[in-house]
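To start, the structure itself, in structure tokens.
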Amino acid sequence: MYYHVNGKLVASEDATVSVRDRGFRYGDGAFETIRAYGGELFAWTAHRQRLTTTCETLGMADAVPDDLGERIDATLEANGLADAYVRVSVTRGVQPGKLTPGHEVDPTVVVVVKELPRSGRDGTSVWEEYATVQSVGTRRIPDDAVPVDAKTHNYLNGILARVELRRAATDSYQPDEALLRDADGYVAEGATSNLFFVEGGTLKTPREGTILPGITRNIVLELAEDETFPVETGRYTLDDVRSADEAFLTNTTWELRPIERIDGIDVGDGPITNLLARLYDGIVERYY
Ligand code: PMP
């Protein structure tokens, strides 16, 4: 495999960054996870925008290189990949060892890819397995601590939630995703996903402010706008979600992934989930 590090394609085993890099030292960086379908980046404009916004939040507005798209394309091409998972990291780079960031930024820019074939391209399904979800005690870091719409290298919140999930697992129970509540106890999001559910024919999802507003979530909300069922964003309790008629998670990798069970309670898919999955599939199909 070849990765792209600071402007150069390098063999993956030689792809390294400095131990003095602030991304390593402090989680001082931004990243994006993107999918390529048929050799083309999905929702590239939105991902580039979010990466830029995150870098602005971190006070390094110019860190995203102008030719980032070309660097990603070159990495996909060097590996002969058309359907792939792409991860882009932009850190504040190497700086003298103190917490206060320096004004001069020479960012570390890394592109990592791996093959990710698309399942269900026959249009029957866009996911492989339904998700089992478990709510956890770990709360979502609030916006006034770390801005929630910045996708930074600081993923300890989600990692701690997944550690909790792993501790709850047994031989016969292995939940896939942790569901975090916000500081007030309302449902926020998964460790790496957004949550939707359907109650009485209305599509519901936690409002912005305590979640990373996912790019997949935005696309699903846009798709739902053209349909006849009502859509609501709001504050919901765990009981609201557990008693839902349908529920699914969204993220770039999973697309729409129906939830089989939440906290051991059966939920599953249904007409609205299936309709939205078909519509999303239609967007992806345009890439082939
Ligand atoms: N929330 C969190 C905390 C995430 O890490 C992700 C994955 N990036 C999402 C939501 C979903 O975002 P997207 O649809 O842009 O992948």
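The values are calculated or read from the model by the stated rules, or taken from the named source; none is laboratory data. None of these values were measured; they are calculated from a predicted model. Every residue, glycine among them, receives a Cβ derived from its backbone with ideal geometry; neighbour counts consider all protein chains shown. Accessible surface is based on the protein model in full, side chains and every heavy atom, while ligands, DNA and RNA are left aside. Shrake-Rupley method; radii C 1.70, N 1.55, O 1.52, S 1.80 Å.
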Checklist line | Single condition ARG118 does not satisfy, out of (1) in contact with a Leu (Cβ under 9 Å, 6 or more places away or on another chain); (2) modelled with pLDDT under 90 | finding: (1)
Item checked: Residue ranges of strands (runs of 3 or more DSSP E) in the stretch 203-288 with at least 1 members surrounded by 17 or more Cβ atoms within 10 Å (Cβ to Cβ) and modelled with pLDDT under 95 -> 255-262
Check: Taking the stretch 55-91, which residues are more than 12 Å from ARG35 (Cα to Cα), among the aliphatic types (A, V, I, L, M) and in a loop (DSSP other than H, G, I, E, B)?
Finding: LEU58, MET60, ALA61, ALA63, VAL64
Margin query: Can you find, within the stretch 121-153, the residue that is farthest from GLU255 (Cα to Cα) among those that are at pLDDT 95 or above and acidic (Asp, Glu)?
Written below: ASP144
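Condition check ((1) among the polar types (S, T, N, Q); (2) in contact with a helix residue (DSSP H, G or I) (Cβ under 8 Å, 6 or more places away or on another chain); (3) within 16 Å of the ligand (Cβ to nearest atom)) across all residues:
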residue: ALA11; (1), (2), (3): no, no, no
residue: ALA15; (1), (2), (3): no, no, no
residue: ILE34; (1), (2), (3): no, yes, yes
residue: LEU41; (1), (2), (3): no, yes, yes
residue: ARG50; (1), (2), (3): no, yes, yes
residue: THR75; (1), (2), (3): yes, no, no
residue: ASP83; (1), (2), (3): no, no, no
residue: VAL86; (1), (2), (3): no, yes, yes
Check: Restricting to the stretch 188-202, what's the tally of residues that are surrounded by 24 or more Cβ atoms within 10 Å (Cβ to Cβ) and part of a strand (DSSP E or B)?
Finding: 6
Next item on the list: Report the residue count in the stretch 154-186 for those that are within 20 Å of TYR26 (Cα to Cα), part of a loop (DSSP other than H, G, I, E, B) and at pLDDT 95 or above.
Entry: 1
Margin query: The conditions are (1) more than 28 Å from ARG20 (Cα to Cα); (2) surrounded by 18 or more Cβ atoms within 10 Å (Cβ to Cβ); (3) hydroxyl-bearing (Ser, Thr, Tyr), and THR45 fails exactly one of them. Which is it?
Written below: (2)
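Per-residue answers, yes or no, for (1) of a type in the set (D, E, K, R); (2) open to solvent by less than 60 Å² (accessible area, probe 1.4 Å):
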| position | (1), (2) |
| --- | --- |
| ASP28 | yes, yes |
| ILE34 | no, yes |
| LEU41 | no, yes |
| GLY69 | no, yes |
| LEU76 | no, yes |
| PRO96 | no, no |
Checklist line | Matching residues in the stretch 148-187 - criterion: being under 26 Å from THR52 (Cα atoms) and open to solvent by 50 Å² or more (accessible area, probe 1.4 Å) | finding: ASP149, HIS153, ASN154, TYR155, LEU156, ILE159
Check: Exactly one of (1) under 16 Å from VAL112 (Cβ atoms); (2) without any contact (Cβ under 8 Å) to a residue 24 or more places away in the chain; (3) basic (Lys, Arg) is unmet by ARG48. Its number?
Finding: (1)
Margin query: Against the definition (farther than 20 Å from THR132 by Cβ and within 17 Å of the chain's Cα centre (by Cα)), how does LEU221 come out, yes or no?
Written below: yes
Item checked: Selection from the stretch 195-226 of residues that are touching a Leu at 6+ places or on another chain (Cβ under 7 Å) and more than 13 Å from the ligand (Cβ to nearest atom) -> LEU223, ALA224
